[in-house]
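Presented below is the structure to which this report refers.
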Amino acid sequence: MRLDRSAMARGLAACAAMGLLAMPPVAARAHPHAPHHAAHAHPAAQADVPAGPPLPDGQVFLPPPPGPDTAQRAADASIFAATRALEGTPRWKLAQADNRDTPAHMVSAFSCAAGFTLPPEQLPELVGLVARIEKRLTPAVNAEKALWNRPRPFTEAELPTCIPLRADLKRDPSYPSLHATLGWVTGLILSDILPDRTAAIMQRARVFGESRVVCGVQWQTDVAAGWLNGGVLYSAMEQDDGFRQEMDAARAEVTALHATMAAPPAAECAIEADAAAHPPQ
């Protein structure tokens with residue numbers, strides 16, 4: 001569904017964008033590794049974090065989120081407002097499905113891109129790898145979020161979102177997107193396993209991140225930062241011998257399953273293809 005085909009949607013975008021641009025960003029906090037910042041940590045996410053080499057510091061390689069009165073902030077506000085016109089469409093429903101970022105869903109969501117069904121219950125090595133990566137990356141991304149402390153879009157304008165707004169989501173900073181980070185990393189894992197499907201897989205990783213924008217829970221620049229985040233963090237993890245061994249086990253598992261699985265439902269793949277052809281920008 002094209003975002004510019006409704007004059008009403010354009011009017012909503014213009015009005016809401018002006019309101020959003022008038023809102024000042026929350027001031028950035030001190031570096032999250034500083035001792036006084038511990039009160040803002042996510043202890044549940046940091047429990048039982050798998051061991052591994054230190055991850056690159058996002059404060060160094062990520063740009064800060066757009067400041068007030070910048071073209072990027074104006075674009076973020078306009079995209080957030082315009083995508084509200086997608087409420088109730090197949091793209092909206094895909095965003096609702098992509099909100100489920102459990103390791104099992106992250107794997108199955110790439111079935112169309114892989115070209116065959118990826119049933120999580122038959123891929124314990126791959127699902128386990130994604131689960132361990134999520135535990136490893138979540139504290140790092142939460143530290144990045146706490147550093148910039150960017151408000152979510154829905155805190156600045158009361159417009160529809162594709163999911164109910166939990167209290168913890170309202171408190172959680174927006175930049176960079178953890179969903180987009182994990183989706184991009186999952187795409188890179190599957191691209192390494194199925195190199196002939198890389199283009200389709202990374203297209204799906206893009207759509208998975210864009211679902212956060214369609215949903216109305218993150219800004220476009222949050223998602224773009226998540227993609228950059230995922231690429232850098234995956235590159236760092238690739239240097240770890242344990243990670244490479246887990247990748248070998250997942251690759252063998254997917255390869256053995258490939259020949260036995262049918263193609264995913266064509267209707268689902270058509271919705272994903274349309275989403276990829278009409279990004280929220």
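Only the coordinates and a few stated rules stand behind these numbers; no lab work does. As the structure is a computational prediction, the values presented were derived from the model and not from experiment. Cβ atoms come from the backbone with ideal geometry, glycine included; neighbour counts cover every protein chain shown.
Name the single residue, out of those in region 227-281 being touching a Pro at 6+ places or on another chain (Cβ under 6 Å) and not small (Gly, Ala, Ser), that is surrounded by the most Cβ atoms within 10 Å (Cβ to Cβ). First the steps, then the outcome.
Pass one, region 227-281, residues touching a Pro at 6+ places or on another chain (Cβ under 6 Å): 229, 232, 236, 240, 271.
Filter once more, so that each one left must be not small (Gly, Ala, Ser): 229, 232, 240, 271.
Working: ASN229: 26, VAL232: 18, ASP240: 16, ILE271: 19.
Of everything passing the filter in region 227-281, ASN229 is surrounded by the most Cβ atoms within 10 Å (Cβ to Cβ).
Of all residue pairs spaced 6 or more apart or on separate chains, those with beta-carbon atoms under 7 Å, a first member in region 135-155 that is under 25 Å from ILE79 (Cβ atoms) and a second member that is part of a helix (DSSP H, G or I) and of a type in the set (A, V, I, L, M, F, W, C) are VAL141/LEU178; ASN142/ALA45; PRO153/PHE80. Look at region 108-133: where a residue is polar (S, T, N, Q) and a partner is outside any loop (DSSP other than H, G, I, E, B) and surrounded by 18 or more Cβ atoms within 10 Å (Cβ to Cβ), sitting 6+ places away or on another chain with Cβ atoms under 6 Å, you get THR117/SER111. Here is a check on your reading of the model: is LEU194 in contact with a helix residue (DSSP H, G or I) (Cβ under 7 Å, 6 or more places away or on another chain) and either closer than 28 Å to ALA146 by Cβ or aromatic (Phe, Trp, Tyr) (or both)? Spelling it out, it is not the case that LEU194 is in contact with a helix residue (DSSP H, G or I) (Cβ under 7 Å, 6 or more places away or on another chain) and either closer than 28 Å to ALA146 by Cβ or aromatic (Phe, Trp, Tyr) (or both). Checking each residue in region 64-80 for being of a type in the set (D, E, K, R) and within 20 Å of GLU144 (Cβ to Cβ) picks out ARG73, ASP76.
Within region 73-92, the only residue that satisfies the criterion of being closer than 13 Å to GLN281 by Cα and aromatic (Phe, Trp, Tyr) is PHE80. Among the residues of region 132-177, those that are surrounded by 17 or more Cβ atoms within 10 Å (Cβ to Cβ), closer than 24 Å to SER111 by Cα and of a type outside the set (S, T, N, Q) comprise ARG132, ILE133, GLU134, LEU137, CYS162. Residues of region 80-103 that are crowded, with 18+ Cβ neighbours inside 10 Å and among the small types (Gly, Ala, Ser): ALA81, ALA82, ALA85, ALA95.
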